[in-house]
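The values are calculated or read from the model by the stated rules, or taken from the named source; none is laboratory data. If you're wondering where the values come from, they're calculated on a predicted model, not measured in any experiment. We place every Cβ from the backbone using ideal geometry, glycine too, and count neighbours over all the protein chains shown.
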Amino acid sequence: MKRSGWLGIYAVAYLVFLYAPVVLLPLFAFNDATIIAFPLSGFTTEWFAQLATIEALHDSVINSLYIAVSTAILATCFGVFAARASSRYDFPAKRGIMGFIMIPMVLPEIIIAVALLVVLLQLGIALSAWTVILGHVLLCTPFSIAILNSAFLAMDRSLEEAAYDLGETRWSAFRLITLPLVMPGIVSSLLISFTISLDEFIIAFFLTGNEPTLPVYLWSQLRFPQKIPVVMALGTILLAASLILLTTAEYFRRRGVARTGAKDTGGFL
Amino acid sequence: MATLAARLRRWRRSEGAQGLLLVSPTLLYALLLLAAPLATIVAFSFWSQDYLTIDRSFTLENYREAWTEPLFRELMLRSLAISGAVTMVTVILAFPIAYFVSFHVAPERKALWIFLITIPFWTSYLIRVFLWKVILGYNGVLNSGLLGLGIIDEPLTFILYNANAVVITLAHAWAPFAILPIFVALEKIDRSLLEASRDLGETTVTTFLRVTLPLAMPGVVAAVLIVFIPTIGDYVTPRLVGGPNGLMIANMIQVQFMKLNNAPLGATLALSAMLIVGAISILFLWLNRRFLKVRQ
């Protein structure tokens, strides 16, 4: 542990840099001024009260929740198929196929967005919440696979084999043994996909029709300086919500690690 | 025929077939919603559009325009320069923190540190970028802080509404994507190798340069690619903090698609950006393999 002095100071400074914008969020959300600048002028909960009265905001939140829940479920289903296949089986062109499925992880989102937009318009499909879901599932599936892959790999395969030896069929062994063991991975994949979809802007910006998602609505509000404090209040609520979600996801991930008896290596990705 | 049918039946029970069958729903989805749309914009880049009607005759006009028009060329070069700068800043800042967590934090507290590092990135991306505008602005947090401390006499203006602001904001936004792969690579290093190096008379610094760094290179290479490739397509940050001289190629792609109704040119710009980024990435990987012997 010697010589960690300078690195330790650097690590703390780096955390300050990482947290700088996040710390400002609640400060301005409770600040009694329409201008977002220092010095702070006083405490108010007015901006939070205003949130309750904006109809367009409520619609966008409901729309976003609908999209995020659908995306989480679909992406996790696709993730289970692909992660199970890649962790358990050897099949032809495995590297190529898995690499191709994982592409959206590195592809700029704008490329996915314009490519889908062009196809949907050509096919004459009207833009709606479902067109956003199509794009979000594509984006979230690789993250789901990454999480589920480690869950499937961490599982001791002899447990499955024991189930076969004891007379279970492939399906019943999967349902009774494998699924409960990877359940924490599934929960954390659902939560991560949900969070990614809820926050995704570019794909939603291109593919949403007349019903904006929450980030698309936020984007339209950032142009009006007088609306900013309300946006800050909303951001604070979102921050609190995602903290709760992530802590839950981390809890399930750790429980999963403990359940399969592996060593905790930390991190979602 | 009988043998063929039997062979087919046998194949269907084989491990390869079962794996393929299992992966097929996901693969099919990716083919329909990724491969087909990408193929469509490739086709679009060779077509032209007059208001709302698409002319499907083959033309290279879009490519000529995208590659020779000074405005597009400037946006493309600026996007590459910004992405390159963001990648360098992000990875160089990320390495020490990944090294710190991997080598100086007690094993049972590593997960907590990684969790701490990733938390800020689960707040709304739009709001985070907007808050950088608040920090870097003329009357912003940084300027008022520095003025209050008497370090500067008048507000700094080179930090908002230009390329610098875009680099700072993106370096923040992509930090965990650089830290995590480097951290994973550092974690994989067998600690006894470092001891062996010390026993053979290397100093701490030469051990780092000759053992730790080369072994961590796959993580660094992954971090570079993970940051460099997507940042070229960032739309929000240049729009919010870039000002007129900080706009990037994604902003032009959006204008072509949504404002000017010129999907073919938009598609060409998007594909050109991807081709250039792809070529640079492959060159980067090749150079690493050739000269540093890095294997992924």
### Summary
Of (1) within 9 Å of chain A (Cβ to nearest Cβ); (2) of a type outside the set (Ser, Thr, Tyr); (3) part of a loop (DSSP other than H, G, I, E, B); (4) within 30 Å of A:ALA241 (Cβ to Cβ), B:LEU180 satisfies every one except (3)
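Please list, ordered by residue number, the helices (runs of 4 or more DSSP H) wholly in the stretch B:186-267 having 2 or more residues that are farther than 30 Å from B:ARG64 by Cα and free of Cβ contacts under 8 Å to residues at least 40 places away in the same chain.
On the way: elements: B:191-199, B:204-207, B:213-231, B:236-241, B:249-254.
So the answer is B:191-199, B:204-207, B:213-231.
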### Task
Taking B:THR68 as the residue in question, decide whether it is more than 9 Å from chain A (Cβ to nearest Cβ), surrounded by fewer than 16 Cβ atoms within 10 Å (Cβ to Cβ) and polar (S, T, N, Q).
yes
### Residue that is nearest to the chain's Cα centre (by Cα) [pool: residues in the stretch B:18-41 that are more than 7 Å from every other protein chain (Cβ to nearest Cβ) and of a type in the set (Gly, Ala, Ser)]
B:ALA35
### Task
Write out, first by first residue and then by second, each pair whose Cβ atoms fall under 6 Å of each other, whose residues are 6+ apart or on separate chains, and whose first residue, in the stretch A:119-133, is free of Cβ contacts under 8 Å to residues at least 12 places away in the same chain while the second is part of a helix (DSSP H, G or I).
A:VAL119/B:PRO37; A:VAL119/B:THR40
## Note on the structure
Residues of the stretch A:37-88 being among the aliphatic types (A, V, I, L, M), more than 21 Å from A:TRP219 (Cα to Cα) and touching a residue at least 24 places away in the same chain (Cβ under 8 Å), in sequence order, are A:VAL69, A:ALA72, A:ILE73, A:LEU74, A:ALA75, A:VAL80, A:ALA82, A:ALA83
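When you scan the stretch A:101-184 for helices (runs of 4 or more DSSP H) that lie fully inside it, which ones turn up with 2 or more residues that are polar (S, T, N, Q) and assigned by TED's automatic domain parsing to the domain that holds A:GLY79?
A:129-154
If we scan the stretch B:123-133, do we find a residue that is among the aromatic types (Phe, Trp, Tyr), farther than 30 Å from B:PHE103 by Cβ and modelled with pLDDT under 85? Write out each step before concluding.
Going residue by residue through the stretch B:123-133, those that are among the aromatic types (Phe, Trp, Tyr) are B:125, B:130, B:132.
After this cut, where a residue has to be farther than 30 Å from B:PHE103 by Cβ as well, the list is B:125, B:130, B:132.
Cutting the leftovers down to modelled with pLDDT under 85 gives us none.
No: zero hits.
Just to verify a result, which residue in the stretch B:123-147, among those that are in a loop (DSSP other than H, G, I, E, B) and facing chain A (nearest Cβ under 8 Å), is surrounded by the fewest Cβ atoms within 10 Å (Cβ to Cβ)?
Initial filter on the stretch B:123-147 (in a loop (DSSP other than H, G, I, E, B)): B:123-124, B:137-140.
Adding the requirement that they be facing chain A (nearest Cβ under 8 Å) leaves B:123-124, B:137, B:139-140.
Numbers: B:THR123: 22, B:SER124: 22, B:GLY137: 21, B:ASN139: 13, B:GLY140: 22.
Among residues in the stretch B:123-147 that are in a loop (DSSP other than H, G, I, E, B) and facing chain A (nearest Cβ under 8 Å), the one surrounded by the fewest Cβ atoms within 10 Å (Cβ to Cβ) is B:ASN139.
Does B:SER57 fit the bill of being touching a residue at least 40 places away in the same chain (Cβ under 8 Å) and of a type outside the set (Phe, Trp, Tyr)? If you could, list the steps in order and put the result at the bottom.
Values: touching a residue at least 40 places away in the same chain (Cβ under 8 Å): no; of a type outside the set (Phe, Trp, Tyr): yes.
When the stated conditions are applied, B:SER57 does not pass them.
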#### Entry: A:SER189, sole failed condition from (1) within 11 Å of chain B (Cβ to nearest Cβ); (2) within 18 Å of A:TYR66 (Cα to Cα); (3) at pLDDT 85 or above
(1)
